[in-house]
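J.: Okay, handing you the structure first.
Derivation of every value follows stated rules applied to the coordinates shown; laboratory data play no part. Computed from a prediction, not measured in an experiment: that's the story for all the values here. Please note: Cβ atoms are built from the backbone with ideal geometry, for glycine as well, and neighbour counts cover all protein chains shown.
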Amino acid sequence: MVRRPVVLVTGGAGEVGHGLIHRLAEGGRFDVLALDLRSPDGAVAARCAAVRTGDIVDRRFLDRLRSEFEISIVFHLAALLSTRAEFVPERAHEINVEGTLNLLRLATEEARAHGGPVRFVFPSSIAVYGLPDVTTKRAAGRVREDAWLEPVTMYGCNKLYCEHLGRYFARHYRQLAPEGDASRVDFRAIRFPGLISAFTLPSGGTSDYAPEMIHAAAQGKPYTCFVREDTRIPFMAMPDAIEALLALLDAPPSSLTRRVYNVAAFNPSAGELASMVRHAFPDERITFEPDLRRQRIVDSWPEDVDDTAARRDWGFRPAYDVERTFHEYLLPNVRRGVEGH
Ligand code: SER
């Protein structure tokens, strides 16, 4: 039986999946197999060569996929985000860690089956960092990839460990096996800041206040922000995040000096974001009522990250600064979205 060659996108019904699948379809380079617990919306599904619903924790389900499809690239986007994971940490571990292990195993088996490396692109997160308090966070400024790696959330621990798992599969897999077994999984990861899309809302994250504030304003709804006005973490417009995934995918192995990269774009405080939103939507009512526990999580994330390595090794350059994100990407699209409903 001939297996169909595809690029596998797990989390295909999620926020990043939405942006990535549209972009992959525009590029026309790949046939996409989208995987998620639920079907992606119709417009996303229409852009896929195939859609399958199932759980990445279920190895038999993944084995069945392998009988149907030949997979040479994996974008493993499926995850339970940081706020939701704190309510069900063991389940988060299952999805975020066991799920990733299952996908790495799938990639290893695929590489063995078709005799070439499988590129495995993994979105990690600023949640892998853990700064002890706001004073230290302010003093730390732009954090490098190997500093402050003591995450306070289950999600952050999961992402950090999966970075190690990926590196292990890529470099040290079964290193003592007599036949000197290499996995041929070419693992590459990007630590994303909070992502903001004009078309979708995240679900269950802790950086969600920024996208929520903007989407609420577009819909004429008041917004109560769950962090203090002076809270500062990095954010990025979704199109830049998608381009970063594709740029890292395409980078020749010889240009990469590491497997995990920071990327940065802009880092307004929650108060500065609120001012921009109020300027665009003068009737918008934004109030600040910090949820002390979620605040603690955001306070442990850096206020900026150092992305020198990504710029140098694979030419990362965000196209959207905060002004352009707001005025050219978010405002026109969220306004159109509201009119379209
Ligand atoms: N946006 C994610 C979250 O808030 C962080 O990667 O959980």
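J.: How big is D, in µm² s⁻¹, for the range 178-283 by Stokes-Einstein at 4 °C and 1.567 mPa s if Rh is the Kirkwood radius over C-alpha pairs?
T.: Taking Rh from Cα pairs, D becomes 80 µm²/s.
J.: Give the separation of the Cα centroids, the range 177-202 to the range 17-61, in Å.
T.: 16 Å
J.: Right, next: Compute the signed sum of charges (Lys and Arg +1, Asp and Glu -1) over the other residues within less than 12 Å, Cβ to Cβ, of residue 208.
T.: -1
J.: So what J values fall out for the range 41-52 if you push phi through Karplus, 6.51 cos²θ - 1.76 cosθ + 1.60 with θ = phi - 60°, rounded to Hz, Gly and Pro as x?
T.: 5, x, 5, 6, 4, 5, 8, 9, 6, 7, 10, 10
J.: Counting pairwise Cα distances across the range 1-54, what percent come out greater than 15 angstrom?
T.: Every Cα pair in the range 1-54 considered, those over 15 Å come to 36 percent.
J.: Another one. Based only on the alpha carbon positions, what is the Kirkwood hydrodynamic radius of the range 50-185, in angstrom?
T.: Radius from the Kirkwood sum: 16.4 Å.
J.: Under the √(5λ) rule applied to the eigenvalues of the Cα gyration tensor, what semi-axes describe the equivalent ellipsoid of the range 1-125? Give them in Å, descending.
T.: Over the Cα atoms of the range 1-125, the semi-axes work out to 22, 18, 13 Å.
J.: Got a sec? How would 137, 159 order by Cβ neighbour count within 10 Å, fewest to most?
T.: With the fewest neighbours first, 137, 159 line up as 137, 159.
J.: If you place +1 on the Cβ of every Lys and Arg and -1 on the Cβ of every Asp and Glu, how big does the dipole about the Cα centre of the range 53-212 come out, in debye to the nearest 20?
T.: 400 debye
J.: Hey, any idea what the orientation-averaged projected area of the convex hull of the chain's Cα atoms comes to, in nm²?
T.: Value for the chain: 17.4 nm².
J.: Nearest-5 percent of antiparallel DSSP beta bridges in the chain?
T.: The answer is about 5 percent antiparallel.
J.: Taking amide H positions as placed in the peptide plane 1.01 Å from N, state which residues far from residue 70 in sequence (5 or more) or on other chains have amide H under 5 Å from it.
T.: 4, 6
J.: Starting from the Cα-Cα distance between residue 328 and residue 176, subtract it from 0.36 nm times their residue separation and give me the gain in nm to one decimal.
T.: Between residue 328 and residue 176, full extension yields 49.4 nm more.
J.: Let me ask something else. Using only the Cα atoms, work out Rg/Rh for the range 292-341, with Rh taken as the Kirkwood radius, to two decimals.
T.: Result for the range 292-341 is an Rg/Rh of 1.16.
J.: With charges set only on the Cβ (+1 for Lys and Arg, -1 for Asp and Glu), what does the dipole of the chain come to about its Cα centre, in debye to the nearest 20?
T.: Magnitude of the dipole: close to 660 debye.
J.: Tell me the Kirkwood radius of the range 198-257: reciprocal of the mean inverse pair distance over distinct alpha-carbon atoms, in Å.
T.: After inverting the mean inverse Cα-Cα distance, the result is 14.1 Å.
J.: Going by how many other beta carbons lie within 10 Å of each one, how would you line up 199, 235, fewest first?
T.: Result, fewest neighbours first: 199, 235.
J.: May I ask for the Kirkwood hydrodynamic radius of the range 89-147, worked out over all distinct Cα pairs and given in angstroms to one decimal?
T.: 14.6 Å
J.: Can you work out the Karplus-derived ³J(HN,Hα) for every residue in the range 302-311? Use 6.51 cos²θ - 1.76 cosθ + 1.60 with θ = phi - 60°, whole Hz, and x for glycine or proline.
T.: Whole-Hz 3J(HN,Hα) from phi for the range 302-311: x, 7, 7, 10, 8, 10, 3, 5, 5, 5.
J.: For a quick check, take a GNM of the chain with Cα springs below 10 Å and name the residue from 64, 119, 296 with the largest mean-square fluctuation.
T.: Fluctuation is largest for 64.
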